[in-house]
1. Answer with yes or no whether N38 is over 11 Å from the mean Cα position of the chain (by Cα) and at pLDDT 85 or above.
2. Looking at region 16-47 only, could you name the residues that are among the small types (G, A, S) and within 16 Å of W61 (Cα to Cα)?
3. For residues that are open to solvent by 30 Å² or more (accessible area, probe 1.4 Å) and of a type in the set (G, A, S), scanning just region 1-23, find the one that is nearest to C50 (Cα to Cα).
4. Working only within region 24-37, note down all residues that are closer than 11 Å to L73 by Cα and either of a type in the set (V, I, T) or surrounded by 16 or more Cβ atoms within 10 Å (Cβ to Cβ) (or both).
5. Can you go through H68, H54 and tell me which one is modelled with pLDDT under 85, surrounded by fewer than 16 Cβ atoms within 10 Å (Cβ to Cβ) and at positive phi?
6. Right, P48: closer than 21 Å to H68 by Cα, in contact (Cβ under 8 Å) with a residue 40 or more places away in the chain and in contact with a helix residue (DSSP H, G or I) (Cβ under 8 Å, 6 or more places away or on another chain) or not?
Amino acid sequence: MLQVMSLVSLSHLLSGNALESLRSSQKAVHLFPDIPENWVVLVASCMPRCIHQHSSEEALWLKRLISHVRRKLDATRQMS
């Protein structure tokens with residue numbers, strides 16, 4: 001169940017449904033905050049919005065989130 005939620009979010013993202021990907025990745029992070037894959041998919045789900053809006057504030061927020069995940073969770077280098 002832990003990785004299924006990440007896969008569901010990723011499948012929404014790959015099918016072009018960024019909003020549904022964001023929703024499901026937020027749920028995954030909420031339910032399983034100690035799973036690095038959930039955070040990675042959350043970041044990936046936020047990226048289309050950040051790119052579309054050309055928002056430097058959101059890009060900075062994503063950068064801080066990635067740094068936090070790298071520091072606090074046992075993520076592999078590839079996931080970082």
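1. In short, no.
2. A44, S45
3. Applying the filter and picking the extreme gives A18.
4. From region 24-37, those closer than 11 Å to L73 by Cα are 33-37; that's our starting set.
Passing the criteria: I35, P36, E37.
5. When all the criteria are applied, what remains is H54.
6. Taking the combined requirement at face value, the residue does not satisfy it.
The values are calculated or read from the model by the stated rules, or taken from the named source; none is laboratory data. What you are looking at is a predicted structure, and each value in this text was computed from that prediction instead of being measured. Neighbour counts run over all protein chains shown; Cβ positions are idealised from the backbone, glycine included. When the accessible area is computed, the model is the full protein with side chains, heavy atoms only, and any ligands, DNA or RNA have been set aside. Shrake-Rupley method; radii C 1.70, N 1.55, O 1.52, S 1.80 Å.
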